[in-house]
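Here is the structure we will look at.
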């Protein structure tokens, strides 16, 4: 029965019944006594039949006052009432102390006072506070300091005597009879089930909304990131550009004008016995810093690790393993020199012999 | 100090030096007071054959600092400083070789005579001399510009902190070694009372956290953040320095290919540190300071940490200037300083200098491209070409590397590391030997660079492989 799911019709019927009868089924009264509805009780006498019914928020403390709900019950209460009504009289006899008006979880926790005491007596303290206090009292497990060990040894005898006395003084109270609600029962399980299902349903929807929003925003963020990789305008200097006519580059000169914008030195230098105009890339072949042209020393010098290159780009000092790279260079149709950065030529690969990477002068 | 007139510079230095000397005086005054109140075994110092109470000596030192503080107020002419001749000599003599060899020798001396150096009186004297040296060097504009730069303040603090902590640990270790030689337990065993993590340790950590946060606040208020000009992809600052804790790596990059010094060796450092618990078979020295019982571990660690990491950081921070040239501590950072660093590969030495030939040509292996299908020749041709270069042009370097990494470990196992090999077994020993050899390759390459201008032992720029 407990496992049986209520239909909407049944719930509604029970709710109406509860509404008309005030507090129809005997157990329905205690449900109405939830603290959310502290209104005047028209049927207080029946609520007293459930003295052990703990209100959900103040778990463990038996409610003294019978604040039976006289006002219109909430939906949650209605549902609980419906279940109580279906369970019939046997639930009324045994004061099933399930404040089903509240979610089932606190109700399950809210053991009867007797049960709680028993549990407290049996189990060791588990929260930080009690562990700490236990540690201070000196009854903690684990390693102990020297001082503690000495103190313990000194007081061991006295403690034993005290303990014996204390043991004598203890009068064991008779074990209270286990009430029906404390026994594992079908009714309790049924009530909890409904609460859990409801919590699951509503919790689920909140979770679903949350996760949907999260995934949506994440997806939007991902798409925006991908979109970012394809900008509408590329502020990139063109890979082909004109640097002027050859007469602007006299022999032995390193032209630095194009370094800032294009990352290129235009050098008129001698390589393998031939005077050439070449375009050197301004990136150190060691770790990619930008070297500086030192006119006084007639060399390119990298500030990061001290690599040095001759005017023609050949490495000679520091850790750079290979010469600077050349870009393709050629005459444009108007007679000016055009550098093409899309092609690079490496000396160590023998590519500097390619006529595309120099203009003979 | 650029942009400051000599007058302004003197005022800046004096505003630093006066509180500096006063705090040194207070430091020594407190020491004197403590020695006077609490008589110690070290409460007398033999001075010129006489036993002088040490409290008196340190009180006199405190007065000396106060005098220095007063002189620091007196302007350029009275400012106490190291003589110009000394500065010039230091600038002329120092270089990477002197610096590295000097720090190594210093560490060896400190290690050998550690029992003397850790004595409180000696250590306190050395400490005072270090601080005095810093104070006396500050009036030099070039020294001040580097040391007082906000970037470099942590490094200067690091030098002193490291000296202190090394002394602290060594002092305990020396005392423990002495006790254990006498058959007594180490100091830490006398007081091995267990304490709780919570609250004992956590409270200490909390207090340290608050104190350090406060220190950082005051630091941030006192020293301006060293911001530079906006970054530009075509203009690299000169000198361009890594964060201070990576300057050891940057110094390593001077001697290695970026792939080696930037990726392989740093990874090996981390892997090697992780491997220490598995390599170490010495069960002694757990939970107390000792040097004698863990000599090998101690020497290897201090060599790697103090010599190959910290002194390289200090070198990179304080002594490397524009174009990564070496500058003496009192030298002006001239961006046009010319240093001959003409580096030559081993293959060039071998073929061109010794044999008087030109370098062997790179084997083209073009027949592979025609004889084999593309999907095979695509990877086989470059690979074969690489191996062919290894054993033709770079033959001598390849052989020396093979000897170093393949033949040396067994040789070491047969000779100096025989006991290690017996204790550790093959695999553990090989890991240890290779890690040691990689560690030793840095100083070896530094020495080769300095003495022979050697660039790379094996240099195959065609395939970005240089060692």
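The values are calculated or read from the model by the stated rules, or taken from the named source; none is laboratory data. If you're wondering where the values come from, they're calculated on a predicted model, not measured in any experiment. Backbone-built Cβ (ideal geometry, glycine too); neighbour counts: all protein chains shown.
The table below gives the values:
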{"read-out": "Extreme residue, farthest from the other protein chains (Cβ to nearest Cβ), among residues of the stretch A:319-336 that are part of a loop (DSSP other than H, G, I, E, B) and in contact with a helix residue (DSSP H, G or I) (Cβ under 7 Å, 6 or more places away or on another chain)", "value": "A:323"}
{"read-out": "Filtered residue count, the stretch A:214-238, keeping only those that are under 26 Å from the mean Cα position of the chain (by Cα) and either assigned by TED's automatic domain parsing to the domain that holds residue A:260 or not in a helix (DSSP H, G or I) (or both)", "value": "0"}
{"read-out": "Selected residue (criterion: nearest to residue A:331 (Cα to Cα)) from residues of the stretch A:239-264 that are in a helix (DSSP H, G or I) and either within 14 Å of chain B (Cβ to nearest Cβ) or in contact with a strand residue (DSSP E or B) (Cβ under 7 Å, 6 or more places away or on another chain) (or both)", "value": "A:246"}
{"read-out": "Test: residue B:234 is farther than 30 Å from residue A:129 by Cβ, surrounded by fewer than 16 Cβ atoms within 10 Å (Cβ to Cβ) and touching a helix residue (DSSP H, G or I) at 6+ places or on another chain (Cβ under 6 Å)", "value": "yes"}
{"read-out": "The stretch A:293-312: number of residues that are more than 9 Å from chain B (Cβ to nearest Cβ) and surrounded by 23 or more Cβ atoms within 10 Å (Cβ to Cβ)", "value": "2"}
{"read-out": "Residue that is surrounded by the most Cβ atoms within 10 Å (Cβ to Cβ), among those in the stretch B:277-295 that are out of contact with any helix residue (DSSP H, G or I) (no Cβ under 8 Å at 6 or more places or on another chain) and assigned to a helix (DSSP H, G or I)", "value": "B:294"}
{"read-out": "Which listed residue, of B:97, B:122, B:153, is outside the structural domain of residue B:4 (by TED's automatic domain parsing), without any contact (Cβ under 8 Å) to a residue 12 or more places away in the chain and surrounded by fewer than 18 Cβ atoms within 10 Å (Cβ to Cβ)", "value": "B:122"}
{"read-out": "Flag if residue B:381 is at pLDDT below 90, closer than 22 Å to residue B:465 by Cβ and within 40 Å of the chain's Cα centre (by Cα)", "value": "no"}
{"read-out": "Tally of residues being surrounded by fewer than 18 Cβ atoms within 10 Å (Cβ to Cβ) and at pLDDT below 90 across the stretch B:35-78", "value": "24"}
{"read-out": "Selection status of residue B:209, away from every other protein chain (no Cβ under 14 Å) and either without any contact (Cβ under 8 Å) to a residue 40 or more places away in the chain or outside any helix (DSSP H, G or I) (or both)", "value": "yes"}
{"read-out": "Matching option when the condition is part of a helix (DSSP H, G or I), within 27 Å of the chain's Cα centre (by Cα) and surrounded by 13 or more Cβ atoms within 10 Å (Cβ to Cβ), among B:265, B:273", "value": "B:265"}
{"read-out": "Residues (within 14 Å of chain A (Cβ to nearest Cβ), part of a helix (DSSP H, G or I) and either surrounded by 14 or more Cβ atoms within 10 Å (Cβ to Cβ) or at pLDDT 90 or above (or both)) located in the stretch B:163-197", "value": "B:197"}
{"read-out": "The stretch B:328-353, residues that are within 26 Å of residue B:265 (Cβ to Cβ), free of Cβ contacts under 8 Å to residues at least 60 places away in the same chain and not in a helix (DSSP H, G or I)", "value": "B:339"}
{"read-out": "Members of the stretch A:269-292 found to be farther than 19 Å from residue A:344 by Cα and facing chain B (nearest Cβ under 8 Å), listed by number", "value": "A:292"}
{"read-out": "Those residues of the stretch B:171-186 which are within 12 Å of residue B:285 (Cα to Cα) and within 33 Å of the chain's Cα centre (by Cα), in sequence order", "value": "B:173, B:176, B:177, B:180, B:186"}
{"read-out": "Meets criteria (in contact with a helix residue (DSSP H, G or I) (Cβ under 7 Å, 6 or more places away or on another chain), crowded, with 16+ Cβ neighbours inside 10 Å, within 12 Å of chain A (Cβ to nearest Cβ) and assigned to a helix (DSSP H, G or I)) for residue B:316", "value": "yes"}
{"read-out": "Which listed residue, of B:369, B:414, B:399, is touching a helix residue (DSSP H, G or I) at 6+ places or on another chain (Cβ under 6 Å), surrounded by fewer than 16 Cβ atoms within 10 Å (Cβ to Cβ) and more than 14 Å from every other protein chain (Cβ to nearest Cβ)", "value": "B:369"}
{"read-out": "Identity of the residue in the stretch B:319-347, more than 11 Å from chain A (Cβ to nearest Cβ), buried (at least 18 other Cβ atoms within 10 Å of the Cβ) and more than 22 Å from the chain's Cα centre (by Cα), that ends up farthest from residue A:304 (Cα to Cα)", "value": "B:347"}
{"read-out": "Single residue of B:433, B:407, B:440 found to be farther than 27 Å from residue B:105 by Cα and part of a helix (DSSP H, G or I)", "value": "B:407"}
{"read-out": "Residue list for the stretch A:337-361, restricted to those being assigned to a loop (DSSP other than H, G, I, E, B) and either more than 14 Å from chain B (Cβ to nearest Cβ) or touching a helix residue (DSSP H, G or I) at 6+ places or on another chain (Cβ under 7 Å) (or both)", "value": "A:354, A:358, A:361"}
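Okay, residues lined up against (1) within 14 Å of chain A (Cβ to nearest Cβ); (2) free of Cβ contacts under 8 Å to residues at least 40 places away in the same chain; (3) farther than 26 Å from residue B:459 by Cβ:
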site	(1), (2), (3)
B:214	no, yes, yes
B:220	no, yes, yes
B:226	no, no, yes
B:242	yes, no, no
B:251	yes, no, no
B:262	yes, yes, no
B:265	yes, no, no
B:268	no, no, no
